[in-house]
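Just below is one structure, and these are the notes that go with it.
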Amino acid sequence: MIRLFAMALMGLLSLPAGAQHLRIGIASDPDVLDPTLSRSVAGRQVFAAMCDKLVDIDEKLNIVPQLATAWRWEDQGRALVLTLRPGVRFHDGAALDGEAAAIGLRRHIETPASTRKAELGPVREVAATGPMEVTIRLSEPFAPLLAALTDRAGMLVSPRQAQVLGADFQREPACAGPFRLTRRVAQDRIELERFNEYWNASAIHAQRVTYRPITDATIRMANLRAGALDVVERISPSDVADIRADRRTRLVEAPSLASFYIAINVAHGPAANTPLGRDARVREALERAIDRQALVNVAFEGLWIPGNQSVPPGHPFYANSQPIPPRDVARARALLREAGHDRVRMKLSVPNTTDYLQAAEVIQAMAREAGIDIELQVIETATLLRQWTSGEFESLIIQWSGRVDLDQNLYNFNACGQALNGGRYCNPALDTALNSARQNVDPAARVAAYDAAARIYLADRPYIYLWHPRVLHGVGAAIQGLQAVPDGIIRIQGLTGARG
């Protein structure tokens with residue numbers, strides 16, 4: 001570990017001098033730097049500096065303007081009209097107008113491998129309806145649409161690049177954000193430089209930003225203390241007391257939208273042909289083996305919130321009819337016997353970061369007592385996500401960073417045939433409940449629909465939700481202006497105090 005820290009520190013301190021240079025430590029290397037295709041949390045962190053969105057959220061989860069300054073619903077919820085901000089340019093010099101916005105949004109919908117298409121819902125047409133206006137027309141009302149535009153679905157690329165995918169796009173994606181990509185070294189760094197024509201230039205105080213993927217939370221923290229990093233995400237709970245006591249660092253925290261869970265391959269290729277994948281009773285036995293409170297106490301200093309749904313207990317969309325099931329080893333063993341097994345072996349893929357490994361080892365010990373032997377397979381996060389997409393996994397533990405609207409936590413992962421449904425779970429009754437929640441703008445009706453959905457997917461268990469973290473960012477003492485937002489994304493606007 002000392003050698004790894006030294007290598008990371010030397011790499012950071014050897015960067016060329018200049019005007020303010022913001023150095024940010026992230027927990028893993030992003031996958032593709034294309035907002036239409038991206039799936040990783042790390043990618044969202046980098047996009048925060050590269051790609052503004054049509055709308056954003058603030059620290060209180062209000063939807064606020066960004067590339068769009070105003071919006072309104074028309075046609076009884078079947079059309080969303082957005083007024084665009086004047087004076088915005090993409091990194092390749094193209095101007096943002098109604099037609100450019102329409103092209104960018106259509107890219108999310110028409111690209112075959114897009115992971116944004118389901119987020120945008122039943123789009124019938126996207127058209128420029130004025131020089132600085134774009135309208136998204138729907139075949140039916142879709143309540144989560146505006147919230148979807150606060151993330152990658154609301155990121156636009158230059159119309160000159162809209163047909164570009166793959167390696168050519170990765171070299172120089174042209175968004176409309178404050179920084180542009182200059183270099184990427186896989187597993188090492190992503191370097192950005194200031195875009196001088198950024199519309200909100202007065203909020204940007206650094207000339208350069210470097211993102212360093214450092215999977216070990218202890219090493220990220222050591223780099224922050226040494227001054228080699230200015231901001232780090234995902235402070236480990238075990239480091240909270242130390243960062244609060246250290247004058248060189250500060251903790252910036254907020255509630256989180258994120259959830260951590262085990263995803264199970266139930267129907268995607270040969271890897272699904274396991275006792276865990278074939279039989280919901282085995283999946284229930286796994287859940288019954290886990291004591292969520294003990295898990296967060298042991299692995300996370302008791303700071304995280306145990307949970308069994310994509311939102312924590314007390315959230316407006318939490319299904320109170322389905323509370324957290326307690327640990328019951330006797331019940332777990334009985335379920336295995338009902339399924340025809342004395343003991344069961346399973347493989348659990350785990351991202352190669354500290355928090356995941358700690359939690360997975362605790363789960364492994366708990367499951368062993370219930371007759372489930374877990375083989376841990378430690379995998380780099382981007383590789384794990386590719387395997388999830390291709391069905392090359394039995395089960396995996398992963399984080400979903402969470403969204404403002406519950407639809408974005410559930411639909412794309414659970415509905416039949418959706419892009420993020422790597423385990424190919426499919427239950428038509430669940431699709432009916434989820435579609436009801438999507439199409440209804442009445443809050444009470446949506447709560448009822450999501451309660452009905454929870455009764456289905458929590459019984460089928462394609463996912464076993466485990467806990468909800470808090471947003472914990474660490475910053476150097478000189479860094480000012482960081483606002484922690486529940487989505488966990490580090491926003492560059494307003495940050496000051498970085499060295500040259």
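How would you rank 101-111, 198-208, highest first, on the average number of other Cβ atoms within 10 Å across their residues?
101-111, 198-208
Based on Cβ point charges of +1 for Lys and Arg and -1 for Asp and Glu, what charge dipole magnitude is obtained for segment 260-359 about its Cα centre, in debye rounded to the nearest 20?
Charge dipole of segment 260-359: 360 debye, to the nearest 20.
Sticking with the crude label model, points 7 Å out along Cα→Cβ, report the distance from ASN200 to GLN293 in nm, one decimal please.
Result: 4.2 nm between the two label points.
As an exercise, take the mean of 1/r over every pair of distinct alpha carbons in the chain, invert it, and state the Kirkwood radius in angstroms.
23.4
When only Cα pairs under 8 Å and 6 or more residues apart are kept, what is the percent relative contact order across the chain?
Working: 1115 pairs, mean separation 105.3, N = 500.
For the chain, the relative contact order is 21 percent.
Give the distance, in whole Å, between the Cα centre of segment 430-447 and the Cα centre of segment 254-302.
Centre-to-centre (Cα) distance: 26 Å.
As an exercise, use a Förster radius of 60 Å and the Cβ-Cβ distance of ARG331 and ALA113 to find the FRET efficiency, rounded to the nearest 0.05. List each step's numbers first, then the result.
Numbers: r = 42 Å, r/R0 = 0.70.
After rounding to 0.05, the efficiency reads 0.90.
Could you work out the helix-only [θ] at 222 nm for the chain, with each DSSP H run of four or more residues adding -39,500 (n - 2.57) and the total divided by the number of residues, to the nearest 500 deg cm²/dmol? Working shown, then result.
Details: 17 runs with 161 residues, N = 500.
Rounded to the nearest 500, it is -9500 deg cm²/dmol.
Roll a 1.4 angstrom probe over the protein heavy atoms and tell me the percent of accessible area of segment 404-460 that is carbon or sulfur.
Its accessible area is 55 percent carbon and sulfur atoms.
Going by Cα centres, segment 387-412 and segment 195-214 are how many Å apart?
30
Once you put a point 7 Å from the Cα of ASP442 and another 7 Å from the Cα of THR218, both along the Cβ direction, what distance in nm separates them?
It is 5.6 nm.
May I ask you to give the solvent-accessible area per residue for the chain, in square angstrom, as obtained with a 1.4 angstrom probe? Before the final figure, lay out each step's value.
Details: 18580 Å² over 500 residues.
Spelled out: the 1.4 Å probe surface of the chain, per residue, equals 37 Å².
Just the number, please: carbon plus sulfur as a percent of the accessible area of segment 148-276, 1.4 Å probe, no ligands or DNA/RNA counted.
On segment 148-276, the fraction of accessible area on carbon and sulfur atoms equals 46 percent.
The values are calculated or read from the model by the stated rules, or taken from the named source; none is laboratory data. Because the structure is predicted, anything quoted here is derived from the model rather than measured. All Cβ positions, glycine included, derive from the backbone under ideal geometry; neighbour counts span all protein chains shown. Accessible surface areas use protein heavy atoms only, side chains included; no ligands, DNA or RNA. Shrake-Rupley method; radii C 1.70, N 1.55, O 1.52, S 1.80 Å.
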